[in-house]
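For reference, the structure discussed in these notes is given below.
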Amino acid sequence: TQLLEQSPQFLSIQEGENLTVYCNSSSVFSSLQWYRQEPGEGPVLLVTVVTGGEVKKLKRLTFQFGDARKDSSLHITAAQPGDTGLYLCAGAENYGQNFVFGPGTRLSVLP
Amino acid sequence: DAGVIQSPRHEVTEMGQEVTLRCKPISGHNSLFWYRQTMMRGLELLIYFNNNVPIDDSGMPEDRFSAKMPNASFSTLKIQPSEPRDSAVYFCASSFYVWGDQPQHFGDGTRLSIL
């Protein structure tokens with residue numbers, strides 16, 4: 001069973017700063033998803049990446065899938081308090097098998 | 001459109017009692033997932049269904065846990081008897097089909113406390 005690691009585990013920054021969080025595994029993913037979870041709610045999908053080296057942008061968020069499809073990063077530019085939450089990556093092997101969530105990065109953006 | 005609906009939102013009960021959690025997936029979705037989330041273990045997949053059939057229940061912790069999906073619009077997760085270590089937030093999610101690049105749509109969860 002593949003394992004996903006996320007770093008850092010916790011991150012507290014001031015509004016306006018930039019940050020990057022990481023998702024890594026020793027396994028190759030056929031696809032990888034990023035979710036954000038706010039307190040009292042379920043995770044909500046932000047993006048899906050499927051091609052090695054792919055970069056996707058969602059407003060101030062930039063997602064990158066590693067060339068070897070074993071890792072991914074999420075970069076937030078000019079973080080805002082509304083970005084506060086738990087960021088989870090989730091990956092699947094072989095287009096569906098062994099889908100797992102990482103432990104998450106808990107981000108706090110202070111005003 | 002209505003999202004995934006879970007009930008109850010909160011449940012507090014005493015050890016040994018039976019607990020039943022309910023989920024209504026998004027209409028048209030063929031796959032349904034039950035997860036458990038704790039600070040220590042994160043988000044764990046318990047079981048998932050495809051077209052109402054249980055496909056993988058290897059994440060179900062013990063025989064005390066059981067899940068059913070009698071039709072495409074309803075699923076239950078039952079714990080009997082409940083124990084304090086079962087305290088967690090339980091999420092239900094649905095998607096058009098299993099895994100791949102399809103997003104999972106989560107409900108708001110049931111916060112379960114076993115005293």
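Read-outs: derived from the displayed coordinates by stated rules, not from any lab. Being a predicted model, the structure only gives us computed values, none of them experimental. Note that we place each Cβ from the backbone using ideal geometry, even for glycine, and neighbour counts take in every protein chain shown.
Annotations for the structure displayed:
- Counted charge near B:M15, where neighbours are those whose Cβ lies closer than 15 Å (Asp, Glu -1; Lys, Arg +1): -4
- Nearby lysines by direct alpha-carbon distance to B:K68 (threshold 26 angstrom, same-chain neighbours under 8 apart not counted): B:K24, B:K78
- Around the Cα centre of the protein assembly as shown, unit charges on the Cβ atoms of Lys, Arg, Asp and Glu (plus for the first two, minus for the last two) sum to a dipole of about 280 debye.
- Between B:T38 and B:D108, the contour length at 0.36 nm per residue exceeds the alpha carbon distance by 23.7 nm.
- Local charge for A:S7 was computed over the other residues whose Cβ lies under 12 Å away, with Lys and Arg +1 and Asp and Glu -1, and equals -1.
- Environment charge at A:E17 (Cβ cut-off 15 Å; Lys +1, Arg +1, Asp -1, Glu -1): -1
- Taking B:I55, A:I13, A:I76 and counting other C-beta atoms within 10 Å, the order from fewest to most: B:I55, A:I13, A:I76
- Taking every alpha-carbon pair under 8 Å whose residues sit at least 6 apart, chain A reaches a relative contact order of 37 percent.
- As a proxy for reagent exposure, B:F106, B:F96 were ordered by neighbouring Cβ count within 10 angstrom, fewest first; the result is B:F96, B:F106.
- Proximal lysines relative to A:K56, as straight alpha-carbon distance under 22 Å, when same-chain residues fewer than 8 apart are discounted: A:K70
- Taking 7 Å steps out from each Cα toward its Cβ at B:S7 and B:A72 produces label points 2.2 nm apart.
- Neighbour-limited loop hits for trypsin sites (Lys or Arg not before Pro), segment A:22-78 (at most 13 other Cβ within 10 Å; DSSP other than H, G, I, E, B): A:K59, A:R60
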